[in-house]
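Here is the structure we will look at.
The values are calculated or read from the model by the stated rules, or taken from the named source; none is laboratory data. As the structure is a prediction and not an experimental result, all values here were calculated from the model. Here the Cβ positions follow ideal geometry from the backbone for every residue, glycine too, while neighbour counts run over all protein chains shown. SASA here: full protein model, heavy atoms, side chains in, ligands and nucleic acids out. Shrake-Rupley method; radii C 1.70, N 1.55, O 1.52, S 1.80 Å.
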Amino acid sequence: MSRIIFVTGTGTGIGKTHVTCQAIKNRKKAGFRVNALKPVISGFDPENAADSDTGLLLEALDRDITDETINAISPWRFEAPLSPDQAAEAEGRSLNIEELVDFCTSACTADYDYHFIEGVGGLMVPLNATHTVLDWIKALKCDIWLVAGTYLGSLSHTLSVCDVLDHHNLSLSQLILSESEDNSVGLQKTAATLQGFLPEISINSLQREINE
């Protein structure tokens, strides 16, 4: 049976793509069949597709970066670097969550051992006027990985996201710390504090191999 893992974050630019790419490479190296999706992406520049989150995922999957492969994993692409609801509105478009969920469900076939679905922004980012990434995750019924930073303020952001997940009866499979470039208080200190509040959750860092 395929395992579906949704990778979300405490916010945007936190390291979701880097974590997902590392997970893809680790599992491919171990001989697993791996697929990945980045269904929704904002700030997408088709002239610089190779450096986009979509391009990086395709590279990790050892696939060519073409219009066809880009569309296959990222059908909802928006130019403005805004939340999906705002980016879509800027183009006179809207994002239908039922279509989004159907796309993910159809793409996650038994042909692969692992399916990684990288979200957009943080857990509570609006997809449209009535739905957030949280609603997307709830509809998919998948494993959840949360990527968090080590910047000053990350503790509150991370614990807040975990509280929201718990409130909605969603279990976090893994918390991955991605060391922040600015104002980092350190991986060890951040992990130790979070583990005290989240003793039942596996916490890993970007530098270490991600566990099952």
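Given a 10 angstrom Cα cut-off, can you work out which residue in 43, 119, 92 is the most mobile in a GNM of the chain? Comparing 43, 119, 92 in a Gaussian network model of the chain, the most mobile one is 92.
Once the chain from residue 197 to residue 28 is taken as fully extended at 0.36 nm per residue, the excess over their C-alpha distance is 57.5 nm.
Please list, by residue number, everything in the range 105-131 whose backbone N is under 20 Å from a paramagnetic label point 7 Å out along Cα→Cβ of residue 139. Only 105-109, 115-131 fall inside the zone, counting backbone N under 20 Å. Measuring between their Cα centroids, the range 154-191 and the range 1-64 lie 20 Å from each other. Applying the criteria of a DSSP loop state and at most 13 other Cβ atoms within 10 Å to the trypsin sites (Lys or Arg not before Pro) of the range 15-54 yields 33. Highest GNM mean-square fluctuation among 105, 132, 20, for the chain modelled with Cα contacts below 10 Å: 105. Ordered by solvent-accessible area of protein heavy atoms (1.4 Å probe), largest first, the residues 197, 32, 44 come out as 197, 32, 44. In this structure the range 57-212 gives 52 Å² per residue of accessible area when probed at 1.4 Å with all protein chains present.
Helix 16-29 sits at what angle to the longest principal axis of the chain, using alpha carbons and giving 0 to 90 degrees rounded to 10? In the chain, helix 16-29 runs at an angle near 90 degrees to the longest axis. Among 38, 138, 189, the largest mean-square fluctuation in a Gaussian network model of the chain, built with springs joining Cα atoms closer than 10 Å, belongs to 189.
Roughly how many percent of the accessible protein surface of the range 115-210 is carbon and sulfur, given a 1.4 Å probe and a whole-percent answer? Let's see the in-between values first.
Numbers: 2350 of 4620 Å².
Whole-percent figure for carbon plus sulfur exposure: 51.
Carbon and sulfur atoms: what percent of the 1.4 Å accessible area of the range 1-90 do they account for?
Numbers: 1980 of 4370 Å².
Reported share for carbon and sulfur atoms: 45 percent.
Modelled label positions at residue 109 and residue 91, each set 7 Å beyond Cα in the direction of Cβ, lie 2.6 nm from each other. For residue 144, the residues whose amide H sits under 5 Å from its own are 6, 173, 174, ignoring neighbours fewer than 5 places away on the same chain, with H placed 1.01 Å from N.
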